[in-house]
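Read through the structure below, which is laid out as C-alpha cells, and then see the notes.
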Amino acid sequence: MLEIKNLHVKLENEDKQILKGVNLTVEAGKVHAIMGPNGSGKSTLSYVLSGRDGYEVTDGEATLDGADLLDLEPEERAAAGLFLAFQYPVEIPGVGNLTFLRTAVNAQRKARGEEELSSADFLKVVRERAKTLKIDADMLKRPVNVGFSGGEKKRNEILQMAMLEPKMCILDETDSGLDVDAMKLVSEGVNALRSEGRSFLVITHYQRLLDHIKPDVVHIMANGRIIKTGGPELALEVENNGYADLLAEVE
Amino acid sequence: MAALDRPEMDVKEGVDQDTVDAVAKLSGKYKYGWETEIEMEYAPKGVNPDIVRLISEKNEEPEWMTEWRLAAFERWETMTEPKWAMVNYPEIDFQDQYYYARPKSMAEKPKSLDDVDPKLLETYKKLGIPLKEQMILAGVEGAEDYKEGERKVAVDAVFDSVSVGTTFKKELEKAGVIFCSISEAIKDHPELVKKYLGSVVPVSDNYYATLNSAVFSDGSFVYIPPNTRCPMELSTYFRINAENTGQFERTLIIADKGSYVSYLEGCTAPQRDTAQLHAAVVEIIVEEDAEVKYSTVQNWFPGDENGKGGIYNFVTKRADCRGDRSKVMWTQVETGSAVTWKYPSCILRGNDSQGEFYSIAIANNYQQADTGTKMIHLGKNTKSRIVSKGISAGKAQNTYRGLVSMHPKAKNSRNYTQCDSLLIGSQCGAHTVPYIEVKNNSSRVEHEATTSKVDDDQLFYCRQRGMDEEEAVALVVNGFCKEVLQALPMEFAMEAQQLVAISLEGSVG
Amino acid sequence: MALPKIKADATDARLAALTLPDGAGWAAEARQSALSRVAAMGLPIKRDEYWRYTDPTSLTSIDAPEAAVFENDEAPVFNDLDRLKIVFVDGVFDAEASDDLSLDGVEIERVSDAMNRDIHWAKDLYGVLETRGQTPVQRPLAALNTAFATDGIVIRVTKEVSKPINLTYLHKDVSSDAILHNLVKVEEGASVTLLENGPGAARFNKVLEVEVADKASFHHVRAQGRDHERRAVTGIFTRLGTESAFKSFTLTVNGVLTRNETVIELTGDDAIAHVAGACVGDGRDFLHDDTVFITHDAERCESRQVFKKVLRNGATGVFQGKILVKEGAQKTDGYQISQGLLLDDDSNFLAKPELEIYADDVACSHGSTCGALDDTALYYLRSRGVPKGEATDMLTLAFLAEALQEIENEEIADELGQRLEQWLGRRR
C-alpha cells in the first residue's frame, strides 16, 4: 500500500535536514505505529506525505499503491486515498462543518470520476457516522473546528476519515490532548474503520494510544530515521524503559 | 462548488441539489455577459437641458418634476467630479453617453406583464429572475419555517432606463402597499413623491447624485402605510443592455410609522469592451418604529480579465431614520463593476434608531472598489453596526471608506465597526479609510480592522481533504464573509455565495 | 496645478515676512529648494484633507499669537537623569546653560555651524528625509522649516552612547516664533537615546530628521512642556536600515495647539518602528493632533503605533495614522491602536486610522475606540472608599499606562508616570 524508500527531507527555507533516509512499507489492511521522541521527524513525515508546503524532498520516494505521491498536489493525494488526521486540526471560521464535509466528499468523488453524493444520502451517512463518534447535530452545524475542545477536534478528524473512506490513514499524534474517555471514543472510531483494504500509520509519542489501537508493526523513529522495527512488544518496551536505552543501543 | 452552509438542508433536499448543480454549470466567465437583441429607441447622445426635458416628457411628467430636474442640471453644471476615492479610471466624457434608451416595444407602456415584449421576459428569465409569479426565487434554500409557495417576492424590473413591469401589484395594493416604478409614482402619487424625493439625498448632494436628479429615467417607488408589514419581499432587478447608455435609476422607499419592508436589489449588465456608466440614487425614509431592510447583490459586468470594459458604478444610497426607534439595515454584496463608488449611509435622527451595514466587496482582475458607509448619529441612544469584508485578488484595489459620527446630542449612542480585508495574490491592494468623530462622552465607538492573506493552513487542510485550490479558496472566503451572508434574505444569500466563488475564479494558481 | 487663491495669498504673505538664513553652497541650495517646495505646495488651510480636524491658521499666520509663559515651580523633566544637556531659549542655542557638546561616540554641532561648512555630512541629510516625506502627503510646514530654520543641533552617532542627549526648549518670550531643525545620523551598529522637553516658544516649528543605519537604534522620548498657550507643529522624518530600530514616545500635557507629525520609512529588511503618545488635554482651546505615516518598503518589518488621549473640558484630540505597505513588503507586521477617553460631554475625539496595503503576506490591524470612563470600575473603586476624583485619576492613569509602557527605559517611563500623576492631581 504505502511504500517509502530512502526519503530525505529538508526544510525549504532553512538548511536543516529533518528526514535522513526513511524506509517504510505499510501493507494493505495493516496498522503500523511510529513512535519516537520529540523532534525525531514523525510529524514531518506525515506532512511530507500529505504535501504540505515548506518541505523539500532531497532524495528518495514515496508511493501509494505504486503511484508516486510526491509529485501530486495535496488534493490529488487525498483523492488517491491518503488521509491525514492532523495533530492540530485547523479552524476555519464561518465554514460549517457539514458544508466542509460535503464539499470534500464530493470533490474526491468527482476527482475519482464518481457521482456526487446527493444531499439526502450524504446527510444520512453523516448522521449515522457522527452518532457513533458522539458528534451531535450542533457540532455538525458549527464552523469547522472553531470553538471545539481538543477531544471534539480529534473526533471530528475521525468523522472526516469515516466519510472520506481513505485507503491510507495517517494519524498524527491523535492522542495528544485527549483524556481517557475521549481517547477511547476516538480509538473505537478508528478501529471500526479497520478493514482489509485500509491501512493505518499511527504516529504517537506514547504507548497508551496503542493499547486501544493495536498495531501490527511498531517502528521507532529517531533523528530522521527509523532505528528499530518490531511487534507490539516494542511499544511496551519503550513505555517501560523510555527512548534513551533504544537510542543508546543503536549508537 | 460554492459553500452552502445549511444546517437545515434536510428540509429541502431536492431543491438544494438542483441549485448546486446549476451553480456547477456556471463557467468561469461572466455569467450574464450576453446582450439582448431588442430594438431600442434612444435620445441623442449627451446631456443638456433639452435632453432633461425630453426625459421628463417621455415619462409624461408634470411641470414641477421637469423644473426639479432642470434645477438639478443647472447645479450639476457648476460641479466637478470628486477625486478623493482610491479609484483610477479614464476621464468620463459625460457628453458621450446616451441618457435615455428604451425598448421600442415599450413606447406604449405595457398594461400588464402580458404586454411585455417576450424577448424582454426571456432576458429576465435568463437572469434567473422571477418576473412571473411561478418563477419565485424562493425555496432555493429552505428555512425551518418555510413552506413551498408561500414565500413571494414582488419584482420591479428595470431594463436600461425603463421599468418593464411590476409583479404582485394587486396583492400589494390590498395591503395598502404602493410598489411601482418611480415614473408611475410621479404621475399617480405626486403628493408622496413631492414630499420625499430629494429629502434624504438633496439635489446638490454630490456630482453623481445631482446628475441622477437631472436625468433619472426610472426606478422603483415603495410606500408602506402605517403599521403594515409588507406581505412579501420587494425586489428590483436592474439590467443595462444598450451600449454607451448610462443608467440612472432612482429609488424611493418610504416606510411609514410602524411598518416593515424587506427590499432586494439585483443588477447585471452585458459584457462589453467599453465602460458603461451607472449612477443611481436610493433614498429611504424610515418613520417611527418602522424598519427597512435593503439588500443588494451587485453583479454588473466587472470588465474582462485585462480590465477592459465594465460598469462604472457611482451610487448614492442613504436612509434617513427620522422616527424614534426606526431601523434600517443595508446589506450589500458587491462583486461586479469595474469601478465601484458607493457608501450606503444612515442618518440616525430619531432617538433609539438603529443603522446596520453589512458588506462584502470582492474585487478581482482590474476591478476597483471604494465602498463603505456613513453612520451619522444625531438622536439619543442610537446604535450602529458595521461589518465589512473586503476581498482583493488579481490586480484589484479594494477600499473600505467609512464615517462614524457621534454628534454632541447623540447621547448614549453606540457604534461597533469590524472591517476585515483579505488579500489573494501579491499584486492587489486592500485599504481601510475610516473616519471616527466623537463629540460626546456617553457614546462609545469601537473600530477594528484587520488585513491578512488567505490562511495557508486552512487551504492545506481543505486540500488534504480533497478540494482543489480554487474550491478551497472559495470555501474559506465564504467562511470569511459568513457574518454578512447571514444578514441577507435567504434567496439572496444563496446567489451571493455562488457569486463569491465565481468572482474569485482565476484568482489562484 | 495652480493653487487656490486663498492658499496662494496666505503663502505669499507668510513667505514675504521671512528671509533665508545664510549658509555654505549646499546649505543655501537645500534651503532654496525647500522654499520652492513650499511655494509649489502652498501652506496648509483648513480645507485641506490632511488638516480637516486641525485648523492650521495660527501656524501659518505671519506673526505668532502670543503665549503666556507658564510659571513652574517643579524641576524640569529629565533633571534627575545622567544626561548631556543642550538648552535652547525661544529657539536660540544657550551655550551657557548647556553642557559641553562632547560625548564619547557622538559628534554634536549647532546646525548653523554645520551649514556654514563647505563639506559636511549633514548635506546628505538636511531636508533630504523631509523631501522624501512630502509624498504622497504634502507637509508644507516641514518644508518651510527646512528653508527657514535658524538653529538646531546636528548629531552623528558612531557608537553605543553611554548617556542620553537631552534637548531642552525653554520658552521665555510671550511672542517668540521659533523654527528649529535637528539632524541625527546613527551610523551602523550605533545607538543613542534622544530626550526632548519644554514648550520651545510661543510658536514652535520643529523638524527632526533621523537616519538610522543598518543594525543601529534610535530611542526618543519627549515631553512637550506645560505652557498652556503655546503652539507647536513638529515633524519627525526617519528612514530605517536593515535590522535597525526606531522608538519614539511623546507626552503632551497642555498647549493650545499641537500637531505632531511622524513620518517613518522602513527601507531595510527586519527593521522595527514603534511610535507612541500619551496626551492629556484640558479646556476648550486645547487641540492635540498626532499624525503618523509609516511606509513599509522592505520585508519582515514591524511597526507599532499606540496613541492614547485623555480629553476634558471641551478639549479635542485628533489622530491620523496610516500604515502603507508597498508591493513586495511581505511579512509585514503592522499594528495601530488609537483611543480617546472623554472625561466629560464637551470633549471630542476625531480619528482617521488608515491602512493602505499592496502586499498579501501581511498581518496588519488597527483599532480605534472612544468612550467615557468605565462606570463599573469607577463605582467599584468608590465602593472601596476611594474618592471620586482620585478614582478618576487612577483609571485615567491606567488608560494612559499602555502608551507609557512603550518607553523602553524604565527610569524614564517611571518619571513620566509620576509626573502625570502629579499633574492630574493638581488640575482636579
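The values are calculated or read from the model by the stated rules, or taken from the named source; none is laboratory data. All of these numbers come straight from a predicted model, not from anything done at the bench. Every residue, glycine as well, gets a Cβ built from its backbone with ideal geometry; the counts of neighbours run over all protein chains shown.
Just a few scattered comments:
- Residues that are touching a strand residue (DSSP E or B) at 6+ places or on another chain (Cβ under 7 Å), outside any helix (DSSP H, G or I) and closer than 23 Å to B:Leu485 by Cβ, drawn from region A:71-97: A:Glu91, A:Ile92, A:Pro93, A:Gly94, A:Val95, A:Gly96
- Among residues of region A:65-91 being within 13 Å of another protein chain (Cβ to nearest Cβ) and of a type in the set (Asp, Glu), the one that is surrounded by the most Cβ atoms within 10 Å (Cβ to Cβ) is A:Glu75.
- First in region C:71-85 and within 24 Å of C:Ser102 (Cβ to Cβ), second anywhere and assigned to a loop (DSSP other than H, G, I, E, B) and of a type in the set (Gly, Ala, Ser), Cβ under 8 Å, 6 or more apart: C:Pro76/C:Gly198; C:Lys85/C:Ala97; C:Lys85/C:Ser98
- Among the residues listed as B:Ala410, B:Ala319, the single one being small (Gly, Ala, Ser), touching a His at 6+ places or on another chain (Cβ under 7 Å) and within 24 Å of B:Pro202 (Cβ to Cβ): B:Ala410
- Residues located in region B:450-477, provided they are basic (Lys, Arg) and either assigned to a helix (DSSP H, G or I) or more than 7 Å from chain C (Cβ to nearest Cβ) (or both): B:Arg463, B:Arg465
- Test result for A:Phe100, at pLDDT below 90, outside any strand (DSSP E or B), within 20 Å of the chain's Cα centre (by Cα) and within 12 Å of another protein chain (Cβ to nearest Cβ): yes
- Matching entry among A:Val144, A:Val125, A:Val186, A:Val180 (being crowded, with 22+ Cβ neighbours inside 10 Å and out of contact with any His (no Cβ under 9 Å at 6 or more places or on another chain)): A:Val144
- Hey, A:Ser176 under 28 Å from A:Met221 (Cβ atoms) and touching a residue at least 12 places away in the same chain (Cβ under 8 Å) or not: yes
- Within region A:103-125, the residues that satisfy the criterion of being under 18 Å from A:Glu73 (Cβ atoms) and assigned to a loop (DSSP other than H, G, I, E, B) are A:Arg112, A:Gly113.
- Residues of region C:326-349 satisfying the condition of being crowded, with 23+ Cβ neighbours inside 10 Å, in a strand (DSSP E or B) and either facing chain B (nearest Cβ under 7 Å) or under 19 Å from the mean Cα position of the chain (by Cα) (or both): C:Gln336, C:Ser338, C:Gln339, C:Gly340, C:Leu342, C:Asn348, C:Phe349
- Failed item in (1) surrounded by 24 or more Cβ atoms within 10 Å (Cβ to Cβ); (2) at the interface with chain B (Cβ under 7 Å from one of its Cβ atoms); (3) in contact (Cβ under 8 Å) with a residue 40 or more places away in the chain, with C:Gln320 passing the rest: (2)
- Members of region C:151-182 that are over 28 Å from C:Asp63 (Cβ atoms), of a type in the set (A, V, I, L, M) and assigned to a strand (DSSP E or B): C:Val154, C:Ile155, C:Val157, C:Ile165
- Meets criteria (under 18 Å from the mean Cα position of the chain (by Cα), among the aliphatic types (A, V, I, L, M), closer than 20 Å to A:Met183 by Cα and more than 9 Å from chain B (Cβ to nearest Cβ)) for A:Ala62: no
- Qualifying residue in region A:130-148 (condition: touching a strand residue (DSSP E or B) at 6+ places or on another chain (Cβ under 7 Å) and among the acidic types (Asp, Glu)): no
- Restricting region B:207-235 to residues that are in a loop (DSSP other than H, G, I, E, B) and at pLDDT below 95, the residue that is nearest to B:Leu264 (Cα to Cα): B:Met232
- Here B:Gly350 meets the list (1) surrounded by fewer than 24 Cβ atoms within 10 Å (Cβ to Cβ); (2) at pLDDT 95 or above almost entirely, failing just condition (1).
Matching residues to (1) at pLDDT below 95; (2) at negative phi; (3) of a type in the set (Asp, Glu):
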| site | (1), (2), (3) |
| --- | --- |
| C:Gly321 | no, yes, no |
| C:Ser338 | no, yes, no |
| C:Leu341 | no, yes, no |
| C:Leu350 | no, yes, no |
| C:Tyr379 | yes, yes, no |
| C:Val386 | yes, yes, no |
| C:Glu390 | yes, yes, yes |
| C:Met394 | yes, yes, no |
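- A:Asn191 meets the conditions (1) farther than 30 Å from A:Gln17 by Cβ; (2) in contact (Cβ under 8 Å) with a residue 24 or more places away in the chain in every case but one. The failed one is (2).
- Residue within region C:313-325 that is more than 18 Å from B:Thr399 (Cα to Cα), in contact with a helix residue (DSSP H, G or I) (Cβ under 7 Å, 6 or more places away or on another chain) and outside any loop (DSSP other than H, G, I, E, B) present: no
- Selection status of C:Leu355, more than 7 Å from chain B (Cβ to nearest Cβ), part of a strand (DSSP E or B) and closer than 27 Å to B:Ala449 by Cα: no
- Of everything listed in (1) facing chain C (nearest Cβ under 7 Å); (2) more than 15 Å from B:Gly372 (Cα to Cα), the single unmet condition for B:His447 is (2).
- Strands (runs of 3 or more DSSP E) completely within region C:214-300 that count 1 or more residues being within 23 Å of C:Asn79 (Cβ to Cβ): C:217-223, C:231-240, C:245-253, C:257-266, C:272-282
- Residue pairs whose Cβ atoms lie under 6 Å apart, sitting 6 or more positions apart in sequence or on different chains, and linking a residue in region C:261-278 that is touching a residue at least 24 places away in the same chain (Cβ under 8 Å) to a partner that is assigned to a strand (DSSP E or B) and hydroxyl-bearing (Ser, Thr, Tyr), are C:Glu261/C:Thr291; C:Ile264/C:Thr238; C:Glu265/C:Thr295; C:Ala273/C:Ser303; C:Val275/C:Ser248; C:Val275/C:Thr262; C:Gly277/C:Thr250.
- Scope region B:403-428; condition part of a loop (DSSP other than H, G, I, E, B), more than 9 Å from every other protein chain (Cβ to nearest Cβ) and either within 23 Å of the chain's Cα centre (by Cα) or not charged (D, E, K, R) (or both); matching residues: B:His407, B:Ala410, B:Asn412, B:Ser413
- Pick from region C:177-215, criterion of a type in the set (Lys, Arg) and farther than 19 Å from C:Phe237 by Cβ, ranking: surrounded by the most Cβ atoms within 10 Å (Cβ to Cβ): C:Arg203
- Qualifying strands (runs of 3 or more DSSP E) (wholly inside region A:143-233; at least 2 residues being more than 14 Å from chain B (Cβ to nearest Cβ)): A:199-204, A:217-222, A:225-230
- Members of region C:356-373 that are surrounded by fewer than 23 Cβ atoms within 10 Å (Cβ to Cβ) and either closer than 30 Å to B:Asn441 by Cβ or among the aromatic types (Phe, Trp, Tyr) (or both): C:Tyr358, C:Ser365, C:Gly367, C:Thr369, C:Gly371, C:Ala372, C:Leu373
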